[in-house]
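To start, the structure itself, in structure tokens.
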Amino acid sequence: MPTPANSAIGHPIPEDAWLPLVQGRLLWCPHAFIEPADLWLAQLQNDIPWQQHRLRMFGKELNEPRLSCWMGERSYRYSGKTRAAEPWHPLVKKIAQQVSKLCGQPFNGVLLNLYRHGQDSMGWHADNEPALGINPTIASLTLGASRRFKLRHTSGEQLELVLSHGSLLVMAGEMQHHWQHALPKMAACHEPRINLTFRWLNE
Ligand SMILES: O=C(O)CCC(=O)C(=O)O
Ligand SMILES: [Fe+2]
């Protein structure tokens, strides 16, 4: 059953079915990877070469409020920087194949984020870098702590989901042109969360 927080649009967000939005589509699979989730969390927390990246904001260089790692077959240009890809970790490659099967879409790269606690976050943005193509499918797997995930349409309409351990959320269609998303801080959260957002990058 969807949790109450996943009913922010006035009715529950359906599970395991594509939800048509104004100018976009969402697939919400809260139970997709519950069974292997504990093992994957422990292994990735340990094995991934997590890096602290810097962010330029208001003319200042700051630490990003999370650790991350870009992995796959192509380098990735975003926020004005180019990141070389770490080679596929065998487990991440295996997860990518399973996620691909579920959403019927190949992926050649993944951004892994480690939110160490509730003070780590990601600000409002759209995943609209040119290399992702016109209407990218972005598949987001959560391992570890549950965190709120917000979406806002250019009209002001907002949606909120609680992304839980082992869940998969897929954004597709025109979404990245008309919606932004964010992972706000959550003071009450003291546990780490790992997020893998699978993407396809063109040459
Ligand atoms: O951690 C999340 O759920 C969101 C990550 C995200 O939006 C991104 O990596 O582009
Ligand atoms: Fe994103």
Q.
Name the residue that is nearest to ligand 2 (Cβ to nearest atom), counting only residues in the range 129-138 that are crowded, with 16+ Cβ neighbours inside 10 Å and in a loop (DSSP other than H, G, I, E, B).
A. Pro136
Q | Condition broken by Leu143, with the remaining ones in (1) of a type outside the set (Asp, Glu); (2) surrounded by fewer than 21 Cβ atoms within 10 Å (Cβ to Cβ); (3) within 15 Å of the chain's Cα centre (by Cα); (4) away from ligand 2 (no atom under 14 Å from the Cβ) satisfied | A | (2)
Q) Which ones in the range 173-203 are in contact with a Lys or Arg (Cβ under 9 Å, 6 or more places away or on another chain), farther than 25 Å from Glu73 by Cα and aliphatic (A, V, I, L, M)? A) Ala182, Leu183, Met186
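Going by what's in this entry, would Pro192 be described as modelled with pLDDT of 95 or more and surrounded by fewer than 22 Cβ atoms within 10 Å (Cβ to Cβ)?
Values: modelled with pLDDT of 95 or more: yes; surrounded by fewer than 22 Cβ atoms within 10 Å (Cβ to Cβ): yes.
When the stated conditions are applied, Pro192 passes them.
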**Q.** Condition broken by Phe33, with the remaining ones in (1) loosely packed, with under 13 Cβ neighbours inside 10 Å; (2) more than 14 Å from ligand 1 (Cβ to nearest atom) satisfied
**A.** (1)
Q. Which residues, counting only those in the range 147-160, are assigned to a loop (DSSP other than H, G, I, E, B) and either charged (D, E, K, R) or within 11 Å of ligand 1 (Cβ to nearest atom) (or both)?
A. Glu157
Q: Among residues belonging to the range 83-121 that are of a type in the set (Ser, Thr, Tyr) and not in a helix (DSSP H, G or I), point out the one that is surrounded by the fewest Cβ atoms within 10 Å (Cβ to Cβ).
A: Ser121
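Identify all residues within the range 55-77 that are assigned to a strand (DSSP E or B) and surrounded by fewer than 16 Cβ atoms within 10 Å (Cβ to Cβ); write none if there are none. Spell out how you get there, then give the answer.
Our first condition is that a residue be assigned to a strand (DSSP E or B); within the range 55-77, this holds for 55-57, 60-63, 67-72, 76-77.
Of everything in the range 55-77, those that are assigned to a strand (DSSP E or B) and surrounded by fewer than 16 Cβ atoms within 10 Å (Cβ to Cβ) turn out to be Leu55, Arg56, Met57, Lys60, Glu61, Leu62, Asn63, Arg77.
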Q. Pairs, please: C-beta under 7 Å, at least 6 apart or cross-chain, first residue among the hydroxyl-bearing types (Ser, Thr, Tyr) and in the range 143-168, second within 16 Å of ligand 2 (Cβ to nearest atom) and at pLDDT 95 or above?
A. Ser146/Leu163; Thr154/His178; Ser164/Thr142; Ser167/Thr142
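The values are calculated or read from the model by the stated rules, or taken from the named source; none is laboratory data. Here the structure is a predicted model, which means the values were calculated and not measured. Here the Cβ is made from the backbone with ideal geometry for all residues, glycine too, and neighbour counts use every protein chain on show.
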